[in-house]
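Comments concern the structure below.
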Amino acid sequence: MTMTTTASTNTSESQTLLDLIRLYSDYASAVDSAQWDKWVEFFIEDCEYKIQPRENYERGFPLSTLALLSKNMLKDRVYGIHETLYHDPYYQRHVVGLPIIREDKDGVITAEANYAVFRTKLSGESTVYNVGRYLDRIVRSDAGLKFISRLCIYDSEMIPNSIIYPI
């Protein structure tokens, strides 16, 4: 590999990392500000979104707390949040670590990042709500990076109440 090729590769890798950081921060901003219709647009049509306990993931068990297997299922979730799910309202705030690019091959980026979600009920204190890591497969599109799949692998076996909003 020549010096020019190395510099070009490093520039490409740096740009991919910057694009991922933008994707992750835009995603967190959308879900933290309850922009659910915008949340759906982070995914391709034939997508996968799962929230799964770490224990099940590491043992290869398919059971997930939430499994949405297409963009239409994400839209159904948004409809449920707006129209049918009754719960004590709360705010959530994401803190997402820098992504690690595990692979960038054939147009698909495999990446992961740690996350922590804090929840604030309107009449209470902020508490740690959910902590874990994202395992993502991402594709470049004309509209920017889009999730093929997002697995939210949470560390605790227990979750408070239920998960209403996306992680």
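Can you give the extra length, in nm with one decimal, that the chain gains between A116 and T11 once fully stretched, where that is 0.36 nm per residue apart less the Cα-Cα distance? Could you put the intermediate results ahead of the total?
Working: separation 105, 0.36 × 105 = 37.80 nm, distance 2.99 nm.
Between A116 and T11, full extension yields an extra 34.8 nm.
Any idea what the relative contact order of region 1-107 is, in percent, if you count C-alpha pairs under 8 Å spaced at least 6 apart?
Relative contact order here is 29 percent.
Using amide H atoms built 1.01 Å from N in the peptide plane, name the residues 5+ places from A34, or on other chains, whose amide H lies under 5 Å from its own.
Amide H neighbours of A34: none.
What order, most packed first, do the peptides 127-138, 93-104 have when packing is the mean number of other Cβ atoms within 10 Å of each residue? Present the calculation step by step, with values, prior to reporting the outcome.
Numbers: 127-138: 19.0, 93-104: 14.3.
The most tightly packed comes first, giving 127-138, 93-104.
How large a share of the accessible area of the chain, in percent, is made up of carbon and sulfur atoms when the probe is 1.4 Å and the other protein chains stay in place? Don't jump to the answer; show the numbers that get you there.
Working: 5050 of 9700 Å².
Here it works out to 52 percent.
Determine, from the Cβ-Cβ distance of H87 and S141 and an R0 of 25 Å, the FRET efficiency 1/(1 + (r/R0)^6), rounded to the nearest 0.05. Show your work: numbers first, answer last.
Working: r = 34 Å, r/R0 = 1.34.
Approximately 0.15, to the nearest 0.05.
Using Cα atoms only, what is the angle between the long axis of helix 3-32 and the major principal axis of the chain, expressed in degrees (0 to 90) to the nearest 10?
Approximately 10 degrees, to the nearest 10.
At a 1.4 Å probe radius, which order do D106, D142, D26 fall into by accessible area, largest first?
Details: D106 140, D142 175, D26 60 Å².
From most exposed to least exposed: D142, D106, D26.
Would you kindly find the accessible area of R59, with a 1.4 Å probe and non-protein molecules such as ligands, DNA and RNA excluded, rounding to the nearest 10 Å²?
Near enough 150 Å² of accessible area.
Kindly report the accessible area of region 1-127 per residue (heavy atoms of protein chains, probe 1.4 Å, no ligands, DNA or RNA), in Å². Don't skip to the answer; put the middle values down first.
Numbers: 7940 Å² over 127 residues.
Each residue of region 1-127 exposes 63 Å² on average to a 1.4 Å probe.
The values are calculated or read from the model by the stated rules, or taken from the named source; none is laboratory data. Keep in mind that what you see is a predicted model, and the values were worked out from it rather than measured. Note that we place each Cβ from the backbone using ideal geometry, even for glycine, and neighbour counts take in every protein chain shown. When the accessible area is computed, the model is the full protein with side chains, heavy atoms only, and any ligands, DNA or RNA have been set aside. Shrake-Rupley method; radii C 1.70, N 1.55, O 1.52, S 1.80 Å.
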